[in-house]
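Please treat every number below as a calculation from the coordinates, not as lab data. The structure presented is a predicted model; accordingly, all values stated were derived computationally and were not measured. Using ideal geometry, Cβ is built from the backbone for each residue, glycine included, and neighbour counts are taken over all protein chains shown.
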Amino acid sequence: MDLIKIAEQAFAIEKNYPEFKSGDTITVAYKIVEGNKERIQMFRGVVIRIKGQGTKKTFTVRKISDNIGVERIFPFESPFIDSITVNKHGVVRRAKLYYLRALRGKKARIKEKRM
Amino acid sequence: MPGLIGKKIGMTSVFSAEGKSIPCTVIEAGPCVVTQVKTVETDGYNAVQLGFLDKKEKNATKPEVGHAQKAGTTPKRKYVEFKSFKNVLALGETITADIIAEDVVVDVTGVSKGKGFQGVVRRHGFGGVGQNTHGQHNRNRAPGSIGASSFPSRVFKGMRMAGRMGGDNVTIKNLRVLKVIPEQNLIIVKGSLPGAKGSLVIIEQ
């Protein structure tokens, strides 16, 4: 296991994303390649899950787009992530916020943490 | 064309520069010790015998200990002969993972995982029956006919039947070396290898 970690670290790309937790609202700037053109798409939503470790660590961002819930899973190691900005720190009591999927509108709000 | 003996550590996945997730296997290759150098004069052909992983002296036979002493080393768990070394190696020389270059293709040989006694569907990829009605009884995974009747009155040799599966020597060809880490003697190749974690494999370039 230890040697696998060393091997994974040899491939790791340097990244300085801000620290965030479940319940935080973040914006992910994601590079999208179309043909030979590259553009950056923003995906803003609530982090509902951080799972895995090492090169397999991922986080899931949920947002409501045109009244439809959209979730997107990003690997931390993905070279397509341009940057991550934390917009809000939320107050939540769970690590996995799957209960948000059943809630709509005002009920799906998360209290903001005052820093 | 160098070769090495290694130990399969396990699999992981890494992202390539293009953003593709690549499955890869980590091998701890070396340090291997040259335990015998065969030459045309003495043995009729040129080859190099490498040893990998130490064995306790109490578990080694006396001939093994003597063989290792000739090379000035301890008895090894695995000895493999390589005919393809280009440069001449000295007895007792240590070979590490950095003889394998990055971004080349290698062939890796190992012993596949034993699967036990398996039927023809698993072992030879027979289709099975695939039907449970129309008079079909409980013979869904049976092999069917294994030959004709009074002629030839026997079953041909090599007929594919149920039996022991796995535990064979398997060579995977043309695996691309993604990275070599000489400090830990690690070689990372794209794709999977035969055998369980911790099993010994032979890497040949």
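List the trypsin sites (Lys or Arg not before Pro) within the stretch B:1-60 that DSSP assigns to loop and that have no more than 14 neighbouring Cβ atoms inside 10 Å.
B:Lys20, B:Lys56
Per residue of B:6-14, what is the mean number of Cβ atoms on other protein chains within 10 angstrom of that residue's Cβ?
4
Which residue, chosen from B:Ile95, B:Gly116, B:Pro143, occupies the Cα position most advanced towards the positive end of the dipole of the stretch B:53-183, where the dipole is computed from +1 (Lys, Arg) and -1 (Asp, Glu) charges on Cβ about the Cα centre?
B:Pro143
I'd like the mean, over residues of A:8-19, of how many other protein chain beta carbons sit within 10 Å of each residue's own Cβ.
The shielding value for this peptide is 3.
Rounded to whole Å and ordered largest first, report the semi-axes of the equivalent ellipsoid of the protein assembly as shown derived from its Cα gyration tensor (root of 5λ).
Working through the eigenvalues yields semi-axes of 50, 35, 18 Å.
Could you give the size of the charge dipole of chain A about its Cα centre, using +1 on the Cβ of each K and R and -1 on the Cβ of each D and E, expressed in debye and rounded to the nearest 20?
960
Past 26 Å, Cα to Cα, is the threshold; run B:Lys38/B:Lys62; B:Lys55/B:Lys197; B:Lys56/B:Lys173; A:Lys15/B:Lys20; B:Lys7/B:Lys58; A:Lys37/A:Lys88 against it and keep the listed order.
Beyond 26 Å between Cα atoms: B:Lys56/B:Lys173; A:Lys37/A:Lys88.
Quick one: 3J(HN,Hα) in Hz for the stretch B:16-30, Karplus 6.51/-1.76/1.60 with θ = phi - 60°, rounded, Gly and Pro as x.
Each residue of the stretch B:16-30 in turn: 7, 5, 7, x, 8, 7, 10, x, 8, 10, 9, 10, 8, 10, x Hz.
Averaged over B:17-25, how many beta carbons belonging to a partner chain fall within 10 Å of each residue's beta carbon?
3
Could you calculate the FRET efficiency of B:Asn140 with A:Lys57 from 1/(1 + (r/R0)^6), where r is the beta carbon distance between them and R0 is 56 Å, rounded to 0.05?
The formula returns an efficiency of 0.85 here.
5 Å is the cut-off here: which amide hydrogens, built 1.01 Å from N in the peptide plane, fall below it relative to B:Phe15, excluding neighbours closer than 5 in sequence?
B:Ile22
Quick one: B:Met165, A:Met42, B:Met11, fewest Cβ neighbours within 10 Å first, how do they rank?
With the fewest neighbours first, B:Met165, A:Met42, B:Met11 line up as A:Met42, B:Met11, B:Met165.
For chain B, what's the radius of gyration and Dmax over Cα atoms, in angstrom?
Cα only, chain B: 22.8, 72 Å (Rg, Dmax).
Restricting the calculation to Cα positions, tell me the Rg (one decimal) and the Dmax (whole number) of chain A in Å.
When restricted to Cα atoms, chain A yields Rg and Dmax of 15.6, 48 Å.
What are the ³J(HN,Hα) values, in whole Hz, obtained from phi via the Karplus relation 6.51 cos²θ - 1.76 cosθ + 1.60 with θ = phi - 60°, for each residue of the stretch A:104-110 in sequence order, with x given for Gly and Pro?
For the stretch A:104-110, the Karplus-derived couplings read 10, x, 5, 5, 8, 6, 10 Hz, x marking Gly and Pro.
Roughly how big is the stretch B:107-205's charge dipole about its Cα centre, with Cβ charges of +1 (Lys, Arg) and -1 (Asp, Glu), in debye to the nearest 20?
360
Using modelled amide H (1.01 Å from N, peptide plane; none on Pro or chain starts), what sits under 5 Å from the amide H of B:Glu93, excluding residues fewer than 5 places away?
Residues meeting the amide H criterion: B:Val34.
As a test of the formula, what do you get for chain A when each DSSP H run with n ≥ 4 contributes -39,500 (n - 2.57) and the sum is divided by the residue count, at 222 nm and rounded to the nearest 500 deg cm²/dmol?
Per the formula, -2500 deg cm²/dmol.
Can you list which of the chymotrypsin sites (Phe, Trp or Tyr not before Pro) found in the stretch B:39-100 are DSSP loop residues with at most 11 other C-beta atoms within 10 Å?
Passing both the DSSP loop test and the Cβ count: B:Tyr45.
Figure the gain on full extension for A:Lys107 and A:Glu19 (residue separation times 0.36 nm, minus the Cα-Cα span) and round it to one decimal in nm.
Between A:Lys107 and A:Glu19, full extension yields an extra 29.1 nm.
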